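Just so you know, all these numbers are worked out from the coordinates, no wet-lab data involved. The structure displayed is predicted, hence computed values, not measured ones. Backbone-built Cβ (ideal geometry, glycine too); neighbour counts: all protein chains shown.
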Amino acid sequence: MNPSHPDHEDPTLILLKVEEAARRLRIGRTTCFALIRSGALESLLIGGLRRVPADAPAAYLARLRAEQQRAA
């Protein structure tokens, strides 16, 4: 992978920027912030920076899939 390519992400990162989390979920930044505000997507405030734990997008997706399977 090309490190300068926007889809390249360091797999050792434990915290993601909101934009990186949004990219992993293939959603927009605004939608990602809405998920964070609603509590659906875990995030942390470190100093003045909003960060998303690297495992939070997958956890959100797992919850969403389980909810949709129960509703079907």
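Scalar couplings 3J(HN,Hα) for the range 28-37, obtained by applying the Karplus form with A = 6.51, B = -1.76, C = 1.60 to θ = phi - 60°, are x, 4, 5, 5, 5, 4, 5, 5, 5, 4 Hz; x denotes Gly and Pro.
Its relative contact order, with pairs defined as Cα atoms under 8 Å and 6+ residues apart, puts the chain at 28 percent.
Taking the Cα centre of the range 15-71 as origin, work out the dipole magnitude from +1 charges on Lys and Arg Cβ and -1 charges on Asp and Glu Cβ, in debye rounded to 20.
120
Based on alpha-carbon atoms, the Kirkwood radius and the radius of gyration of the chain give Rg/Rh equal to 1.01. Count Lys and Arg as plus one, Asp and Glu as minus one, and take only other residues whose Cβ is under 11 Å from that of Asp55; the net charge is then 0.
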